[in-house]
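Novice: My questions all concern the structure below.
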Amino acid sequence: MARSVKFYNTLGFSARKGGADAQFTTFDLGTTSLNLICGEMSERTKWWGRVIIHVADVDALYALATLMGLKPHAPQADAPWGERNFHI
């Protein structure tokens, strides 16, 4: 949980409930929430997931992420469907 909380805090998101030492943490993301649950996986998962966060300024968030030492997979870019994005 501590690594996840540090990651989202670095991107400028604040936890509404929980925190680094909690088993459950909620971040406010605009009009929605991101909930994190800490626990051991009882078996290896066969699927993966991702969180997509829409922000007003992708370039500013990319600059903040790199300034804070995070390592996006690639620079921000315009996707064929019209969204500007980056993956981290």
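Novice: So how exposed is Y62, as accessible area in Å² (1.4 Å probe, rounded to 10)?
Specialist: Answer for Y62: close to 40 Å² accessible.
Novice: Take F86, project a point 7 Å from its Cα along the Cβ direction, then tell me which residues of region 47-68 have their backbone nitrogen under 16 Å from it.
Specialist: Inside the label zone: 53-68.
Novice: Within the accessible area of the chain, what % is carbon and sulfur when the probe is 1.4 Å and the other protein chains stay in place?
Specialist: 54 percent
Novice: Label points 7 Å out from Cα along the Cβ direction at A60 and L34: separation in nm?
Specialist: Computed distance between label sites A60 and L34 equals 1.7 nm.
Novice: Measure nothing fancy, just the Cα-based angle from helix 58-67's long axis to the longest principal axis of the chain, in degrees from 0 to 90, nearest 10.
Specialist: 60 degrees
Novice: Check the straight Cα-Cα distances from K71 and name the aspartates and glutamates below 15 Å, setting aside those fewer than 8 residues away within the same chain.
Specialist: Those aspartates and glutamates meeting the cut-off are D59.
Novice: For F86, what is the net charge nearby, where nearby means another residue's Cβ is under 13 Å from its Cβ and Lys, Arg count +1, Asp, Glu -1?
Specialist: So the surrounding residues net to -1.
Novice: Can you tell me the dipole magnitude for region 1-81 around its Cα centre, using point charges on the Cβ only (Lys, Arg +1; Asp, Glu -1), in Debye to the nearest 20? Present the calculation step by step, with values, prior to reporting the outcome.
Specialist: On the way: 8 positive and 7 negative charges, 50 e Å.
For this selection, approximately 240 debye.
Novice: Give me the accessible area of H73, 1.4 Å probe, in Å² rounded to the nearest 10.
Specialist: 150 Å²
The values are calculated or read from the model by the stated rules, or taken from the named source; none is laboratory data. Quick caveat, the model's predicted, so the values are computed rather than measured. Cβ sites come from the backbone with ideal geometry, for glycine too, and all protein chains shown count toward neighbours. The accessibility values were calculated without ligands, DNA or RNA, using every heavy atom of the protein model including side chains. Shrake-Rupley method; radii C 1.70, N 1.55, O 1.52, S 1.80 Å.
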